[in-house]
Structure formats: C-alpha cells, structure tokens
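Q: Pasting a structure below so you can have a look.
Bear in mind that the values in this text are calculations on the coordinates, not laboratory data. Treat the numbers as computed from the prediction; the structure is a model and nothing was measured. Here the Cβ positions follow ideal geometry from the backbone for every residue, glycine too, while neighbour counts run over all protein chains shown.
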Ligand code: PHE
C-alpha cells in the first residue's frame, strides 16, 4: 500500500468521503459521489481525474438504459388503458352493461379492453351482460408503472424493481410506442485498495502548472508536480476567432498589396455627385431610381466645395465639353447631384480619390460594403462587399487589366476564369469576369471592369488612362466555404462559425 503520493484538498475530500461511505468492492455513480463528497460537479470531475491518474480510483463506463413514455404511452397516461376506460364506463352505467354498448364506446378496441379487464378479474361476463367485479378497482401494476415513468419524465433501469422490469417487458410487447428507451453512458467510481489506504495522507501542496515563476524561484525542487492524464476528457472550449469574411478580406488585401497596390477607404454614404454623376451616369439612368438605390430621405449635401469638379462634370453630361464627346445632352441638375445615397458601388471611393489626387500613376484598392435596394434571397442581399481598384498610368490597356485581375484571382486560388464583354456607362471597353465552378459545372459572374471613358477622367483632371474594376466578395467567400445561401454568411449560426476550418 502506497501512502507517498500527495493529495490536493479536493482529492482529499473525495477520498475521505468515499472511504467512509462506500464499502470496499462497491462502486457508486457520479451523482452519489457528488452527494457524499459535497464537491461541485466541476471540482468532482477534476478530483476524479487526478485520483485516477494516481491509481487511487478506478472509473468504469456503464451503459444504462433509460426509459420514457412514447406517444402511445403519453396518451395512455392521459386517458388510461382501454381496460381502465371500460371500468369507468361500467361505473357510469351503474356496474353493468351489454356487449353492444361496449362495442359502441370502444369500437375495434373493444376486445382488447374486455380481454384485459377479464384477465385482471376486473369484470365478469354472463351471456351478453358484463358487470364490474367490485365497486372500486385498484390500480394495476401496469398503470402504476406508467404513472411512475410519467411522474419523473424518464427513469433509468437501475431504478426499477425486478417486478417492474417484468411488467415493462410485457408492456413493450403489448404496445408499440408505449415506452421508448435510449442508452446513457454513466461513470461508476470505485476506490482502489491503494486509494483507501491513502485516504489518511496529509494534504500537501503540489505544483499544478510550470510557470516561469515556479522555475526561477526553484519552487519546483521542493514541491511535487501533479501527474496529469493527458487523455482525460475535458470540456470543449470555443475561443473567440475572426469571422470567415474578415479572414477572406485579409487575404484580398494581401493579394493586392503583394501586387504593389495601396489601400484607400471612403465613406459609406455619398452624394449622388460621386456615386453617379462623376462616373458619367446620366441623371435619368434607371439605376438611380428608388427601387434600386437607397436615398437618405430629406438630406441634401452642400456641393460648394466641389465647384470646379461639378462644373466640369456638368459640362461633360450636357455637351461633352473638352472630352471629344457630345455628352448626354440634357440639362444637368445640381439638386439631383446633391442627394445623399448609401453607396451603390465602391467606384464612388476610387473616383473621388482620382478627382482629389489627379495622379499620373497610381495603384489603389478599397474593400467595402455597398447597398442596393434588392429583395433578399439565397443569392442576393441588399448589402454586400465589393473589391474595388484602379490603376493609372500612361499607355495602359485592357490587356494589362486582364493580367492584373487574373493574377489577383489566382492568388486567391481561382484559376479557371474568363472575361466577357459587357456595358457600364463609365468604361469603354467594359468587361465582366466569370469563374468556373467545378462542383456546379457552370460559370459564375464575379464582377465588372473596364477602362474609364474620357468623359469620366478628363473633367476630373486625370490625363492618363485608368483601368478600373469592382468585384464581388461575398460570393467568393461562399465558394471558399461551401455556403449555399448568402444570408447564412451573416447569420448567428454559432455551430457553423465554431466548427468552420479556416486557414
Ligand atoms: N461599379 C461596377 C459594379 O458595381 C463595377 C465596375 C467598377 C465596372 C469599375 C467598371 C469599372 O458592378
């Protein structure tokens, strides 16, 4: 018998209470151990693990069937067994009735009700007449058992008497769905001989964790280290982590930065001037309408700071002045341009940057939320992210644009992409990019791009060519993590967020 291993106060408490209250060779379950030791479940769990590692306790897993009432059982608990309902009928009729009266009340349950009531000697039959055996019929074993299970919701097999187990077996045969069972794993705890002997050991302080302090003070030399069972079960811990969208945004950032781009940011609400007019989008354009765009009601911006740009933009719309174009040929309205919108695209951010800096060369990008008045469904959300960027320089053309975008996607692991001609009021030529989905065997649209028209760049004082793009982000995240519905990306599905493997 070893008495040399030190004990933590929790271990000591458990060991002493078990040595006192549990006979040698007997085992108890977790609840009993908690009752005897007066330890909280968490303390108890730790004490058990520690004592197990010291070989003072043995723990066995036991499978215990647990019974509860099924649908049929719940009905019986409420309405009674057919034989009980027959007794009630007879009582109501003064103790006697005919078989046809029973049949009227019980239909195809009649013979079960009668057969069982006769077996129980609750009723007697003489010819067509059925009568109650005595004025009061005491509850039968089956009824008592159903009551017992119903009163506690569920009952473990170990809490059933031998006779009850028999009744249960015959009942489950008689009624399908009366009682349902499931198996629960339970721990049985038993003191080992060594543990019983050690219960008189004095408490000694042990070292739980090797901290720098424990090492530097030399404390480790004078006190024993607690043995740890690294295979013992522990509660699952879900530490905070970054949302998959945030992680993906970080990847996008790194991809552009590695291509020599710089990040810029801009406000979420913008004047129509920057969201639409500066991009040569005519004021009658359908995308400006309320069913597509969220306007901030009752709010107009003061555009006097942008007098110069505004005059140039207005001339470009009205007659194309200085751009070699005829413009859209209508009367441009400052009032319309001063309306405030939730930006419908992040192009509002890059165009404002160009107007302010008028760079001869530039490589910038921005990632941000945009808003469109759309009905939400599995594919569309009224707000989503865009990855926007521009490259400014002399002699840039659409081939350079295709190279940049292809390079960007390949950095994110999307290699099978292609380009397709399309239309935007502010670019010429205009392209859209699509990615091939192996899983769905189809092409999916990812975003738009093009070379800004002179009607856009010249009024703002940008001399060189500008390659521009605005790409969707949410769909890429959906592809990466196999999410089928955009709404799931922003939901509070903690299970998904906790178990998602991100890199
Ligand atoms: N703004 C366009 C969109 O939201 C994308 C785009 C940006 C197209 C820049 C051309 C140039 O779809």
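Q: What angle, in degrees between 0 and 90 and rounded to the nearest 10, separates the Cα long axis of helix 9-21 from the longest principal axis of the Cα atoms of the chain?
A: So the inclination is approximately 20 degrees.
Q: Restricting to DSSP H runs of at least four residues, report the calculated mean residue ellipticity at 222 nm for the chain, -39500 (n - 2.57) per run over all residues, nearest 500 deg cm²/dmol.
A: -11000 deg cm²/dmol
Q: Still on this model: Principal axis extents for the chain, Cα atoms only, whole Å, descending order, please.
A: Computed over the Cα atoms, the extents are 112, 87, 45 Å.
Q: How large is log10 of I(q)/I(0) for segment 246-499 at q = 0.07, 0.09 Å⁻¹ when the intensity is taken from the Debye formula with one equal scatterer per alpha-carbon?
A: With one equal scatterer per Cα and no solvent, log10 I(q)/I(0) is -0.24, -0.40.
Q: Among 351, 189, which comes first, then next, by fewest other beta-carbon atoms within 10 Å?
A: Least crowded to most crowded, the residues run 189, 351.
Q: Take every Cα-Cα pair in segment 350-470 and report what % of them are more than 24 Å apart.
A: Tail fraction, whole percent: 31.
Q: Could I get the Rg over Rh figure for segment 69-179? Both from C-alpha atoms, Rh via Kirkwood, rounded to two places.
A: Rg/Rh: 1.00.
Q: On average over all directions, what projected area in square nanometres does segment 70-132 have, based on the convex hull of its Cα atoms?
A: 4.2 nm²
Q: Is segment 126-254 best put as rounded, prolate or oblate by its Cα gyration tensor, with a ≥ b ≥ c the root eigenvalues, rounded for a/c under 1.5, and otherwise prolate when a/b is larger than b/c, oblate when not?
A: Verdict is oblate for segment 126-254.
Q: Relative to the compact-globule scaling 2.2 N^0.38 Å, provide the ratio for the alpha-carbon radius of gyration of segment 183-273.
A: That works out to 2.29 for segment 183-273.
Q: I want to check the label-to-label distance for residue 148 and residue 96. Put each point 7 Å from Cα in the C-beta direction and report it in nm to one decimal.
A: 3.9 nm
Q: Next question. Kirkwood hydrodynamic radius for segment 358-416: how many Å is it when counted over pairs of different Cα atoms?
A: The answer is 14.0 Å.
Q: I've got another one for you. Would you give the gap between the C-alpha center of segment 295-367 and the C-alpha center of segment 115-182, rounded to a whole Å?
A: Each part's Cα centre sits 84 Å from the other's.
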